[in-house]
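Structure, as structure tokens:
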Amino acid sequence: PSTPTSTEEEEADATGAASSPGESVDGSSTTSFRQVQVSWRPWLSDTLHPKSFDLITVSYLLNELNAKDIPALMSTLADYLSPTGMLCVIEPGTPSSFAEMNNLRTWALQSNLNVLAPCTHQNTCPAAAEWVGLYCHFRQRVTPFLLGDAEKGFSDEKFTYFIFSKQR
């Protein structure tokens with residue numbers, strides 16, 4: 001296993017992450033774990049190598065793009081996946097985001113990607129086909145960052161997601 005470079009360690013420290021394996025953010029000990037190379041990249045660059053990533057996570061992006069641009073971006077992201085890599089797409093849990101995600105799911109199946117989650121089949125989405133007025137999502141209680149929600153100490157957010165892989 002490779003170890004992070006000093007630049008990566010400095011970036012991790014700047015973000016509040018633990019500075020070494022077995023150390024938590026507050027400096028207390030935790031259970032040791034196998035050290036792995038993790039890279040955080042907020043954008044694609046020309047220096048990245050196709051077919052080399054085990055996990056690519058994209059969040060809150062689809063509603064920022066023109067619908068016609070989404071397949072090209074997803075194709076590019078899929079090209080960066082290793083043969084066993086996974087692409088995780090997370091969006092707000094709203095009816096309109098679910099509609100975009102269902103379009104993405106259809107594209108993924110037509111592009112020979114495998115749907116791993118939340119559904120474990122490669123058939124038509126039952127939520128889109130049969131549950132008129134309903135949409136697939138889950139709720140997660142989060143610590144609020146908006147002042148209005150801070151008074152109650154939590155916020156229940158809705159999310160919708162898909163995890164795709166190249167491997168069948």
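Read-outs throughout are calculated quantities, based only on the coordinates presented, and are distinct from any laboratory measurement. A quick note: this is a predicted structure, and the numbers were derived from the prediction, not measured.
List of remarks:
- Residue-span extension gain [residue 80 to residue 139] - 0.36 nm each, minus C-alpha spacing: 18.2 nm
- Gain on full stretching of the segment that runs from residue 116 to residue 94 - 0.36 nm per residue minus C-alpha separation: 5.8 nm
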